Amino acid sequence: MPASPKILILGAGGFIGSHLLERILTTTDRQVIGIDIQSSKIEHLLDSERLTFAQLNVHDTRAVTEYIEQADIVISLVALCNPALYNTIPLDVIDINFNRPYELVKVCARMGKWLIHFSTSEIYGRTIASYTGLSYEEQEPKNYLLNEDETPLVLGPISNQRWSYACAKQLLERVLYAFAFEKGLQYSVIRPFNFIGPRMDFIPGVDGEGTPRVLACFMEALLFHKPIRLVDGGLNRRVFTYIDDAVDALMCMLRHPDQAKGHAFNVGNVANEISIADLARKMVATYKDLRPEFSECDFEINVVSGKAFYGEGYEDSDRRVPDIAKARELIGWEPKTGLDRALRNTMRAYIEQYASAAACRKAC
Ligand code: UDP
C-alpha cells in the first residue's frame, strides 16, 4: 500500500496548528513535520513517533525549503492576525502576511507541492449592505452573504490602515490563483470566520502584551474584573466558529484533495452569528454559570470609540456571514458546534488557564 502523503505544518505551535496537529496525529496514520518558533501549546504531542518538530522561524526560507522537499502537502498557518496591529505596525503586517509567504508559494510551485493556505474572512472587507443605510434585519442576503467566487472585496481607503491585513491577504490569494493559472501550482485556501477554542490568543500582562482579539479581551475583563469595552457600541456582527469544526474542514480537504485543489473555501458557522454587544452579554451570563462564586457580581460594560481603542486608521468589518455551499458540496464539510457550546468550552479553558493568575493579581 502506498504511504500516505507527508504533511508539513508551518505554524504548528499556534492556536489552529496545535489543534490540527493533534487531530492528524490522533486520527490518521500520517507522518507530520511541524515547524514553529514555539512549542508550548503542543508539548503533549512532541513525543509522537510520527511527528518531526523543528523549532525555527518559518520565514527562514532556506531551512524551511529542506522540509518542504520532504513533504507532499504544505499547510501554511503563519500570519500576524490581530486587528490591534493592522493600523499600528502595518509594515510588519504586510511583510508577514504577504512578502514572506510569497517566497513559500514560489518554492511550493517549483517543487510541485500542494499548498493549503490559511487566508482570512477579512479579505471581504465591508459588506455592500453596510453602504445601504439599512439595519441588519432589513438587509438582503445578496448584499451581505459572502461567496468565495462572486462577492466583491470591499476595502476602505488607504489611510484606514486597518485594511493592511486584508489587502496583504487578498494579494496573496491573487498570487496563488495566478501561480495556478500560469505555472500549475496546486493550492487550496481556507478563509476562517473567527475561529475560537482553547489555546487561542493571550491575556495581556499574563502571557502576552498588547490587545488580543475580542474573546480574549472580554475574558481578561471577566477574570480581572475590569470593564468590558464595546468598540463603537458593539454593533458589528461576527460568526464565531469552533476550532473542532474548523479542523474538520481541513480534514475534509485532505480526504478530498481533487475537489479541494484550486479552490478557496469559507469556513464559518452561519448559525453562530451574533453582534459583539450580544456576545458581551452572553459571555457575562456564561461566566457566571461557569463560576457560580461570581454569580452576584456586576460586570461593567462600557462603550469606547474605535479610534480610542485601536488608534488612528481603524475601521471595522460590519458583518461576516459565509456562504458555505461550496465547502458542503465539494468536500462534504458541515459545522456542528453551536455558539453556546463553543463559548462554554473556550471560556472554560481560559478559566482553567488563567484563574489562578487572576486570583494572585487580586491578592497582590
Ligand atoms: N471588539 C470590542 N471590544 C474589544 C475587542 C474587540 O468591541 O475589547 C470588537 C472589534 O471592534 C470588532 C469585533 O470586536 O468589531 C471583533 O474583533 P476581533 O479583535 O476579534 O477581530 P476581527 O473579527 O475584527 O478580525
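General observations
- Under 30 Å from Lys169, Cα to Cα: lysines that are on another chain or at least 8 residues apart: Lys6, Lys41, Lys106, Lys113, Lys142, Lys183, Lys261, Lys307, Lys326, Lys336
- For the pair Glu150 and Glu334, a Förster radius of 22 Å applied to the C-beta separation gives a FRET efficiency near 0.55, rounded to the nearest 0.05.
- For segment 163-174, Karplus couplings with θ = phi - 60° (6.51, -1.76, 1.60), whole Hz, Gly/Pro x: 7, 4, 5, 4, 5, 4, 5, 5, 5, 5, 4, 5
- Only beta bridges with both residues in the chain are counted; by DSSP, about 10 percent of them are antiparallel.
- Here the label points at Asp60 and Arg281, each 7 Å from Cα along the C-beta direction, are separated by 5.1 nm in the simple model.
- Amide H partners (placed H, <5 Å) of Phe265, local residues excluded: Val189, Ile190, Arg191
- The alpha carbon centroids of segment 1-52 and segment 156-209 are separated by 21 Å.
- FRET efficiency for Leu91 and Val206, using Cβ-Cβ distance with R0 set to 35 Å, rounded to 0.05: 0.80
- The overall shape of segment 271-346, judged from the alpha-carbon gyration tensor, is oblate: a/c is not under 1.5, and a/b is no greater than b/c.
- Other-chain or far-sequence residues with amide H under 5 Å of Arg320's (modelled H): Arg237, Val239
- Förster radius 25 Å - calculated FRET efficiency between Ala325 and Tyr102 (Cβ-Cβ, nearest 0.05): 0.25
- Backbone phi angles across segment 105-121, fed through the Karplus curve with coefficients 6.51, -1.76 and 1.60 (θ = phi - 60°), yield HN-Hα couplings of 4, 4, 5, 5, 5, 5, 8, x, 8, 7, 9, 9, 10, 8, 9, 7, 6 Hz in residue order; Gly and Pro are listed as x.
- Principal-axis analysis of the Cα atoms of the chain puts helix 15-27 at an angle of about 60° to the longest axis.
- Other residues with beta-carbon under 14 Å from the beta-carbon of Gly210 carry, at +1 per Lys or Arg and -1 per Asp or Glu, a net charge of -4.
- Residues within the reach of a label modelled at Ala308 (point 7 angstrom out along Cα to beta-carbon, backbone nitrogen below 14 Å), restricted to segment 211-253, are 227-234.
- Label-zone membership for segment 65-81, site Ala3, 7 angstrom Cα→C-beta point, backbone N under 18 Å: 66-75
Read the figures in this text as sums done on the coordinates, not as results from a lab. Treat the numbers as computed from the prediction; the structure is a model and nothing was measured. Cβ: placed from backbone, ideal geometry, glycine included. Neighbour counts: every protein chain shown.
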